[in-house]
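One structure is given below, encoded as structure tokens.
Quick note: the coordinates plus some simple rules give every number you see, no bench work behind them. For clarity, every value in this text was computed on a predicted model and none was experimentally measured. Cβ atoms come from the backbone with ideal geometry, glycine included; neighbour counts cover every protein chain shown.
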Amino acid sequence: MARFANLRRIASLDPVADHEEIMRISAGLEFPWDYQKSLELALFRTYCVPTISGLLDRTGEFERRPQKRYDDTAILMAELVEHGYDSARGREALRVVNRQHGRYDISNDDMLYVLSTFIYDPIEWISQYGWRPLTHVERQAAFHFYRAVGARMGIRDIPADYVEFRDFKAAYEAAHFVYAPSNGRIGQYTLDLFCSWYPSLARPVVSRAVIAMLDPLMVRAFGFTAPPSWVGRLGRRALRLRAFVVRRMPVRKTLKLTSTPNRTYPDYPRGYRPADLGAISSTAR
């Protein structure tokens, strides 16, 4: 069937040797919307760690320019997936990331944890809400892709095994997801950003819907009030209905990565280089 043409291409590739191409197809053609939404929540998730939220809180960037920070991060990650981390644009994007992170005292474990969310949160999201499940090849390719990115960011002690890294992520969350005032502030700024993308009348509903999609550990770590359980059930049903519809749509043939419109750089990628972006400048002072 034509709908599964990309999947057949993925099945013919090796998840270690061809992980960049697999990621490009999976994130850019098969699941662009799912990757975008799951990575939004993955970044949101990292703010449940007080050492991470505390660093972010001290810059004031989330209070002043949350949309710009979101766009810079999203574009840089999209550059790596679309062009490859060792391409000219990929190396330039990594230099921006490393330069900005290098200005601050960020622990290796926190960097390692954030890296893990880029692998496993999209996998978990797509397993629940994707129009088809990710294959073993796609899951392994995501692991090898971000492991290579992490190595180029100077992150140490990245597990060499998929399950080992997943277990590290779970253990880190169990140990470090605790409430702190900085969690609450950064969480609220991010929630307000998500709500700002919708008409003002819809924002209270969006806020409750987003919180309903968070797991109980996150809700407690942010200090949010959980909405009624039916809100989460309704949201999950809506996402599964979307997956039902997407499964019946024609196969995507044009990459939707750096071409996705954003609010900070409306003409991107025309006329831009990764080095032109403000890029993850909001870690801390």
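Placing dummy labels 7 Å off each Cα toward the beta-carbon, the span from Leu217 to Ala5 is 4.1 nm.
Applying a DSSP loop filter and a limit of 14 other Cβ atoms within 10 Å to the trypsin sites (Lys or Arg not before Pro) in segment 1-44 leaves nothing.
Seen through its C-alpha gyration tensor, with square-root eigenvalues sorted a ≥ b ≥ c, segment 174-280 comes out oblate because a/c lies at 1.5 or above while a/b is not bigger than b/c. Taking 0.36 nm per residue of separation and subtracting the current Cα-Cα distance, fully stretching the chain between Ser196 and Glu21 would add 59.6 nm. Between Arg152 and Thr264, the contour length at 0.36 nm per residue exceeds the alpha carbon distance by 37.6 nm. When all alpha-carbon pairs of segment 118-214 are counted, what percent fall beyond 18 Å? Value for segment 118-214: 63 percent of Cα pairs lie more than 18 Å apart.
Summing Cβ point charges (Lys, Arg +1; Asp, Glu -1) relative to the Cα centre of segment 1-157 gives a dipole of roughly 220 debye.
Which is farthest toward the positive dipole end of the chain among Leu217, Phe194, Ser26, measuring Cα position about the Cα centre, with Cβ charges +1 (Lys, Arg) and -1 (Asp, Glu)? My answer, from the dipole projection, is Phe194. Modelled spin-label separation between Arg237 and Thr225, with each label point placed 7 Å from Cα along the Cα-to-Cβ direction: 2.5 nm. Put a plus charge on the Cβ of each Lys and Arg, a minus charge on the Cβ of each Asp and Glu, and nothing anywhere else: the dipole of the chain about its Cα centre is then about 1080 debye. Its residues counted as N, the chain yields a C-alpha radius of gyration over 2.2 N^0.38 Å of 0.97. Normalised by the number of residues in segment 13-179, the average gap of Cα pairs under 8 Å and 6 or more apart makes the relative contact order 38 percent. Placing pseudo-labels 7 Å out from each Cα toward the beta carbon at Val251 and Asp276 gives an inter-label distance of 3.4 nm. Full extension of the segment from His176 to Asp14, taken as 0.36 nm per residue of separation minus the current Cα-Cα distance, would add 54.8 nm. Per residue, the convex hull spanned by the alpha carbons of segment 1-92 comes to 128 Å³. Note that segment 116-132 has calculated 3J(HN,Hα) couplings of 5, 5, 5, 8, 8, 5, x, 4, 5, 4, 5, 4, 9, 10, x, 6, 8 Hz, one per residue in order, obtained from phi through the Karplus relation 6.51 cos²θ - 1.76 cosθ + 1.60 (θ = phi - 60°); glycine and proline are x. With the alpha-carbon atoms of segment 13-179 aligned to their principal axes, the span from lowest to highest coordinate is 44, 37, 30 Å, starting with the largest.
Using R0 = 41 Å, the C-beta based FRET efficiency linking Thr51 and Phe244 works out to 0.50.
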